[in-house]
Amino acid sequence: MKCEKALGLLGPRLDGELSVNRERSLEEHLSSCAECRHSLAELADLRDALRMLPRISAPERLHQKIYAGFQAEAARARVHPIRHLLHPLVTHAGALAIGVALALGIMFLPKTTDGRPESFLAAHVASLKNEQLTQILASDTHKVRPWFEGRVDYAPIVVDLVDDGYPLVGGRVDLIGRQKTAALVYKWNAHVINLFVTPTDEGEKFPVTEGTEKGFNYIGWRARGFRFFAITGASGNSLRAFSQALQARLHIPKPPASSAKRMKYQ
Amino acid sequence: MYRKRSPREFEKTMLPHIDAAYRLAMWLLGHSPDAEDAVQDSFVRAFRAFDGWKGVNAKGWLLKIVRNTCMTQLGKRSRNANVIHLDTVSGDHDGIGFSDACVDKMPLAEDVLIAADRQARLWAAVNSLPTDSIIVLILREFEDQSYKQISEIVGIPIGTVMSRLSRARQQLRARFLAQGKEGKNHEM
Ligand SMILES: [Zn+2]
């Protein structure tokens, strides 16, 4: 073998891509040619240096955007399996809406992965803008709760609040930080209330947080091993009433089924 | 439209490769919002084409889509810049900054600085290669793809993979060494 040919095989040899025969004849050449051995060592150094370069990872916001986009696509595939064939325009409009929502949502996205108000706010805004308000559409807590099984790695508390004037609309899974989080959707008049339910350890402290950000009101508290975080475009007072109703239900047994039909006017 | 493959499977096989997809896009499009858009776009495409995945080398399948999306983007750029041949775009894109990626994570010890300087020079050398060379090189060295897998991702014969890779390494070696010689007054 000539040096010229041997040099061309050095790379493939490092990459483990040589046939047995070629490898054998290359080794033969290397054993008698110091120059090609030197080139091989140089090439190996270069490869090692390359592999030691720091690996970039994608920014957190890109992870979140892709995950949200994936969920939207997945929901569409589940709910409207033949929509692509029937209404391409609708689908495109939907994709556009999601794009706009994500563009808006990303402005609020947090830098860290903890559950600060901004992360919930971003999820709330995204849920309003795209068609992803609910992934399961059901007012029955016994349907919504099991739906989360296998989708988040805990069983969220799902409370029926229809008697208090807050009918359950459904649920969905949001990515808060990198944590898959159960989101429950309630209605109050024309307003949507997103309620995020995440498990907490006994030791973790979440003081009641309440506030307004970008025109949305939020309130967060901790009860029965969960952190609750509610956010809405409705007024702060009505959100507080929602949270009080929910806390009351968390601490008293459910009323008998017959009273569930009673409408409540206030 | 019946789907053979479930969203859950997509989540398990494709979503773990967001970082790899981003790395490829960054090397091809530079440190710009375009790279993020391209990755996001690629995942939407991948999801819609997911039934066509043969079930092997998930990362490679995804990177092929990322690569195609980025090349389309580069094509647009070159048209905007009134450049006709794609090849001439190579090497003069914004590039990905070594410092963006890692410098703030590095402790400031002398020998670490020297190592960092060497890495920065290598980074710059890779970045100065033509796009064709960058693709094969990073698929091989950073994403651990075989020649056959690279040939599928880039859509070229295995022999071409081999010659491009060989050329890329020669270019890299030449540029890396050249930079090393003038590197005395190089600043981070
Ligand atoms: Zn030789």
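The values are calculated or read from the model by the stated rules, or taken from the named source; none is laboratory data. Remember, it's a predicted structure, so these values are computed and weren't measured experimentally. Cβ sites come from the backbone with ideal geometry, for glycine too, and all protein chains shown count toward neighbours.
General observations
- Extreme residue, nearest to the other protein chains (Cβ to nearest Cβ), among residues of the range A:23-44 that are away from the ligand (no atom under 15 Å from the Cβ) and surrounded by 13 or more Cβ atoms within 10 Å (Cβ to Cβ): A:44
- Output for the range A:1-22, where each listed residue is within 15 Å of the ligand (Cβ to nearest atom), surrounded by fewer than 11 Cβ atoms within 10 Å (Cβ to Cβ) and within 14 Å of chain B (Cβ to nearest Cβ): A:4
- Screening residue A:214 against (1) under 30 Å from residue A:69 (Cα atoms); (2) basic (Lys, Arg); (3) surrounded by 14 or more Cβ atoms within 10 Å (Cβ to Cβ) leaves a single unmet condition, (3).
- Taken over the range B:119-149, the criterion of being without any contact (Cβ under 8 Å) to a residue 24 or more places away in the chain, of a type outside the set (Asp, Glu) and touching a helix residue (DSSP H, G or I) at 6+ places or on another chain (Cβ under 8 Å) is satisfied by B:119, B:147, B:148.
- Of all residues in the range A:182-196, those being touching a residue at least 24 places away in the same chain (Cβ under 8 Å) and farther than 19 Å from residue A:68 by Cβ number 5.
- Among the candidates A:50, A:43, A:18, the residue that is under 22 Å from residue B:23 (Cβ atoms) and at pLDDT below 95 is uniquely A:50.
- Verdict on residue B:96 being within 25 Å of residue B:25 (Cβ to Cβ) and modelled with pLDDT of 90 or more: no
- The number of residues in the range B:32-59 that are more than 9 Å from every other protein chain (Cβ to nearest Cβ), surrounded by fewer than 16 Cβ atoms within 10 Å (Cβ to Cβ) and not β-branched (Val, Ile, Thr) comes to 7.
A quick yes/no check of all residues on (1) crowded, with 18+ Cβ neighbours inside 10 Å; (2) within 17 Å of the chain's Cα centre (by Cα):
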site: A:160; (1), (2): yes, no
site: A:179; (1), (2): no, yes
site: A:182; (1), (2): yes, yes
site: A:194; (1), (2): yes, yes
